[in-house]
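The values are calculated or read from the model by the stated rules, or taken from the named source; none is laboratory data. Since we're looking at a predicted model, the values are computed, not measured. Cβ atoms come from the backbone with ideal geometry, glycine included; neighbour counts cover every protein chain shown.
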Amino acid sequence: MATPLLALDSIVKDYPSEAGTFRALHGISMTVMPGELLAIMGPSGSGKSTLMNIIGALDTPSSGRFHFAGEETSTLSEPALAALRNRAIGFVFQQFNLLPRLTARDNVALPLIYAGLPRRDRLARANALLARVGLAERTRSRPSQLSGGQQQRVAIARALAADPRLLLADEPTGALDTRTGAEILGLFKALNREAGVTVILVTHDPGVAAATDRVVRIQDGQILYDGFPTPEALAGAAGHHYDAVS
Ligand code: ADP
Ligand code: MG
């Protein structure tokens with residue numbers, strides 16, 4: 001069997017609090033294979049961002065094991081974790097997080113500095129990535145000159161700069177109107193289908209989750225449902241837990 005891209009085994013996350021510790025994740029186990037397109041859903045405070053931080057190697061679990069492409073992240077040093085993040089994971093955020101003073105091209109080219117690419121190659125790659133997300137004509141625009149949907153396209157091009165194995169997007173359509181959100185969702189889907197990038201979308205929007213292949217619904221730090229995005233699962237009515245992978 002192929003190596004999973006992500007393997008979470010009994011992940012627990014505790015945060016210190018005044019009342020002792022607060023357990024945000026209660027033993028999450030799931031596997032994601034290369035090339036999957038999945039949505040993580042759940043109400044506010046259910047642990048989605050905590051889970052994303054662990055999957056994105058931004059934080060480590062209190063207990064349990066997390067393997068990224070076969071490598072256990074708890075054994076990695078902070079520099080090694082940072083290298084994994086920069087090389088293997090592209091992040092996309094609700095508010096785009098572009099640098100306002102830089103052009104679209106320079107926003108996309110910035111992460112390639114860390115890859116050690118010469119400037120000429122960085123700019124050529126940034127232009128190619130912007131063309132791929134439909135912004136060939138806007139490479140010299142600053143974020144304030146672009147619509148929300150265009151800014152999110154720039155952010156997606158930036159996330160793709162290091163040719164990551166995983167795109168991790170936290171509410172990527174949350175700041176967009178319905179039609180623009182659907183276009184951005186279509187772009188994620190095309191990148192998944194055509195380039196084989198594994199895509200994980202965190203969303204509270206059932207319409208977004210419905211366009212994916214798999215929905216993982218969490219509540220109070222536990223997986224309530226893991227499987228096909230059926231209408232019941234999207235509505236939060238499906239309570240049974242089955243593992244779509246094993
Ligand atoms: P979601 O993204 O689904 O809204 P979070 O993962 O942000 O949920 O939070 C899950 C729970 O953990 C919440 O109850 C939140 O208050 C708590 N929490 C999140 N981050 C911290 C932190 N750094 N310190 C203490 N508690 C936290
Ligand atoms: Mg959150």
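Check S46 against each of (1) more than 16 Å from ligand 1 (Cβ to nearest atom); (2) assigned to a loop (DSSP other than H, G, I, E, B); (3) of a type in the set (S, T, Y) and name the one condition it does not meet.
All conditions pass for S46, except number (1).
Of everything in the range 159-174 that's away from ligand 1 (no atom under 16 Å from the Cβ) and more than 13 Å from the chain's Cα centre (by Cα), which residue is surrounded by the fewest Cβ atoms within 10 Å (Cβ to Cβ)?
Selected residue: D163.
Among the listed residues G64, G35, G47, G42, which satisfies the condition of being crowded, with 16+ Cβ neighbours inside 10 Å, within 13 Å of ligand 2 (Cβ to nearest atom) and at pLDDT 95 or above? Step through it out loud before you land on a result.
Values: G64 fails: within 13 Å of ligand 2 (Cβ to nearest atom); G35 fails: within 13 Å of ligand 2 (Cβ to nearest atom); G42 fails: at pLDDT 95 or above.
G47 is the lone residue from the list that is crowded, with 16+ Cβ neighbours inside 10 Å, within 13 Å of ligand 2 (Cβ to nearest atom) and at pLDDT 95 or above.
Can you work out which of the residues in the range 67-78 that are surrounded by 16 or more Cβ atoms within 10 Å (Cβ to Cβ) and without any contact (Cβ under 8 Å) to a residue 24 or more places away in the chain is nearest to L167 (Cα to Cα)? Give the derivation first.
Taking the range 67-78 as the starting set, the residues that turn out to be surrounded by 16 or more Cβ atoms within 10 Å (Cβ to Cβ) are 67-68, 73, 76.
If we keep only those that are without any contact (Cβ under 8 Å) to a residue 24 or more places away in the chain too, we end up with 73, 76.
Working: T73: 18, L76: 21 Å.
The qualifying residue nearest to L167 (Cα to Cα) is T73.
Which of the residues spanning the range 170-206 are out of contact with any helix residue (DSSP H, G or I) (no Cβ under 8 Å at 6 or more places or on another chain), modelled with pLDDT under 95 and farther than 19 Å from Q151 by Cβ?
E194, A195, G196, H204
Only one of (1) over 11 Å from the mean Cα position of the chain (by Cα); (2) within 26 Å of R23 (Cβ to Cβ); (3) surrounded by fewer than 19 Cβ atoms within 10 Å (Cβ to Cβ) fails for N53. Which number is that?
The failed condition is (1).
Tell me which residues, restricted to the range 109-140, are closer than 23 Å to A182 by Cβ and surrounded by 17 or more Cβ atoms within 10 Å (Cβ to Cβ). Before the answer, list the steps.
From the range 109-140, those closer than 23 Å to A182 by Cβ are 129-138; that's our starting set.
Hits for the range 109-140 are L129, L130, R132, V133, L135, R138.
Return a yes/no flag: does the range 64-81 have any residue that is within 17 Å of the chain's Cα centre (by Cα), farther than 28 Å from L224 by Cβ and either more than 13 Å from ligand 1 (Cβ to nearest atom) or not in a helix (DSSP H, G or I) (or both).
yes
Taking only the range 49-63 into account, find how many residues are in a loop (DSSP other than H, G, I, E, B) and in contact with a strand residue (DSSP E or B) (Cβ under 7 Å, 6 or more places away or on another chain). Don't jump to the end; show me each part of the working.
Quick first cut of the range 49-63, residues in a loop (DSSP other than H, G, I, E, B) only: 56-62.
Still in the running and in contact with a strand residue (DSSP E or B) (Cβ under 7 Å, 6 or more places away or on another chain): 56-57, 61-62.
Count: 4.
Does the range 91-100 contain any residue that is within 16 Å of ligand 2 (Cβ to nearest atom), in a loop (DSSP other than H, G, I, E, B) and among the aliphatic types (A, V, I, L, M)?
No: the range 91-100 contains no residue that is within 16 Å of ligand 2 (Cβ to nearest atom), in a loop (DSSP other than H, G, I, E, B) and among the aliphatic types (A, V, I, L, M).
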